[in-house]
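A.B. asks: A single structure is presented below for examination.
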Amino acid sequence: MYSKIKLNVANWFGVAIGSLSFRESVPFINIARKEKGDFKVIGGLKSTPYLSTLVNASLAHLLDFDDTLLKTILHPGTPVIASALTSVQFGMGKFLNAIALGEEMAIRLGARNGYI
């Protein structure tokens, strides 16, 4: 299970980092600069947990090459991995578990609402 999650995380970071080379990422980076904090934002800034999650998720989805559950229109990794990054300080196991649980929840909610 963790090997697929790790692949998804690598994909997420690749897309998020790649988005920094496009001018459309600038407004998101500027949002992260509004408040200082201890949580990392893709590109080297630090901001509050809320803003770092918002900006990281936006950057990961900017190019729209992030994960997609093929049976649906869902991109569960975009918000889930960005949110889980705030837990990485508690260890890699908790980080990977947060992603597994978050993606499972997103997929089940999507299925319940007719996206599968």
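A.B. asks: 7 Å from Cα along Cα→Cβ at both D64 and R112: what's the point-to-point distance in nm?
C.D. replies: 2.8
A.B. asks: Which stretch or stretches of region 73-90 have amide N atoms under 19 Å from the point lying 7 Å from Y50's Cα along the Cα→Cβ direction?
C.D. replies: Residues 79-80, 82-87 fall inside that zone.
A.B. asks: Right, next: What number, rounded to the nearest 500 deg cm²/dmol, is the helix-based mean residue ellipticity at 222 nm of the chain, given -39500 (n - 2.57) per DSSP H run of at least four residues and division by all its residues?
C.D. replies: Value at 222 nm, helices only: -19000 deg cm²/dmol.
A.B. asks: Which residue fluctuates most in the GNM of the chain (Cα springs below 10 Å): V88, V15, V80?
C.D. replies: V88
A.B. asks: Give the lysines whose C-alpha is closer than 26 Å to that of K4, dropping any in the same chain fewer than 8 places away, or say none.
C.D. replies: Filter leaves K40, K71, K94.
A.B. asks: Just one of [x] 22.7, 87; [y] 14.0, 40; [z] 16.0, 46 is Rg and Dmax of the Cα atoms in Å as worked out from the coordinates here. Which one is it?
C.D. replies: Here Rg and Dmax of the Cα atoms in Å agrees with entry [y].
A.B. asks: In whole percent, what relative contact order does region 2-112 give with Cα contacts below 8 Å and a gap of six or more residues?
C.D. replies: Over region 2-112, the number comes to 24 percent.
Readers should treat all values here as calculations from the given coordinates under stated rules, not as data from a laboratory. None of these values were measured; they are calculated from a predicted model. We place every Cβ from the backbone using ideal geometry, glycine too, and count neighbours over all the protein chains shown.
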